[in-house]
1. What residue, among those in region 19-32 that are surrounded by fewer than 18 Cβ atoms within 10 Å (Cβ to Cβ) and among the hydrophobic types (A, V, I, L, M, F, W, C), is modelled with the lowest pLDDT?
2. Kindly indicate whether TYR45 is among the aromatic types (Phe, Trp, Tyr), closer than 30 Å to LEU12 by Cα, modelled with pLDDT under 90 and surrounded by 10 or more Cβ atoms within 10 Å (Cβ to Cβ).
3. Restricting the search to region 132-154, which residues are outside any helix (DSSP H, G or I) and at pLDDT 85 or above?
4. So, GLY61, is that one under 16 Å from the mean Cα position of the chain (by Cα) and either surrounded by 12 or more Cβ atoms within 10 Å (Cβ to Cβ) or among the polar types (S, T, N, Q) (or both) or not?
5. Would you check if there is a residue in region 76-96 being surrounded by 13 or more Cβ atoms within 10 Å (Cβ to Cβ), in contact (Cβ under 8 Å) with a residue 24 or more places away in the chain, out of contact with any helix residue (DSSP H, G or I) (no Cβ under 7 Å at 6 or more places or on another chain) and in a helix (DSSP H, G or I)?
6. Going residue by residue through region 112-131, is there one that turns out to be modelled with pLDDT under 85 and not in a loop (DSSP other than H, G, I, E, B)?
Amino acid sequence: MSIGAALFAGELPDPISAFGVLLVSSGIVSLAFQGRSVGWGSLPYALGTGCFIGAYSVTDGIGVRLSGAPIGYTVWMCLLWGVMAPPVYAVLRDWRSLFRGPRETAVAAGGGIVSLIAYGIVIFAMSLGPMGSVSALRETSVVFAALIGRFFLHERLTAWRIGACCVVALGAILISHDGGSKRTASAVPDAALGNPPPR
């Protein structure tokens, strides 16, 4: 994500923020691979998924800055997903499975609303701050997931997990310092970079 923001939006994080992003990434990887070996066969798929996530995140960051309307951008994107997803699902799978009981429908609707709010928050943050830092801070949710797993699902909170969470938290603190990101000249319009148009 930070590489994409640097290449396509001219956002270059200062050394402290870059180190913070590195710490957050390292902490997340440590949580993911705790007690597990690397599945080399699935590694290309994981890396490909990460590339696609970085690509659409940079696209969203530039898009919301060009639109100048974070709420409008969020609503239109989610509306387009909602219109296109059911027909694609009906073609690829059994369309009858779209219809569930009242309880399942309510749970799905609640999850959709929460997802919309979370996406809107990220979009709003990227309209104001560096995309790489926002993306890294978004991934700190794994810390809350670990805590939820401990207190609500009674999962074991090992020293390894605690250490990884502390690394993620330290990275988040470094990212949020006042240094910010430097912007270099690029082909992206000033509005996409968050710069006001000249008068």
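The values are calculated or read from the model by the stated rules, or taken from the named source; none is laboratory data. Model, not experiment: these values are computed from the prediction. Cβ: placed from backbone, ideal geometry, glycine included. Neighbour counts: every protein chain shown.
1. It comes out as ALA32.
2. Details: among the aromatic types (Phe, Trp, Tyr): yes; closer than 30 Å to LEU12 by Cα: yes; modelled with pLDDT under 90: yes; surrounded by 10 or more Cβ atoms within 10 Å (Cβ to Cβ): yes.
Answer is yes for this residue.
3. Quick first cut of region 132-154, residues outside any helix (DSSP H, G or I) only: 139-140, 152-154.
Answer for region 132-154, where residues must be outside any helix (DSSP H, G or I) and at pLDDT 85 or above: PHE152, LEU153, HIS154.
4. Values: under 16 Å from the mean Cα position of the chain (by Cα): yes; either surrounded by 12 or more Cβ atoms within 10 Å (Cβ to Cβ) or among the polar types (S, T, N, Q) (or both): yes.
Considered against the rule, which asks whether it is under 16 Å from the mean Cα position of the chain (by Cα) and either surrounded by 12 or more Cβ atoms within 10 Å (Cβ to Cβ) or among the polar types (S, T, N, Q) (or both), GLY61 comes out as yes.
5. yes
6. Checked region 112-131: no residue is modelled with pLDDT under 85 and not in a loop (DSSP other than H, G, I, E, B).
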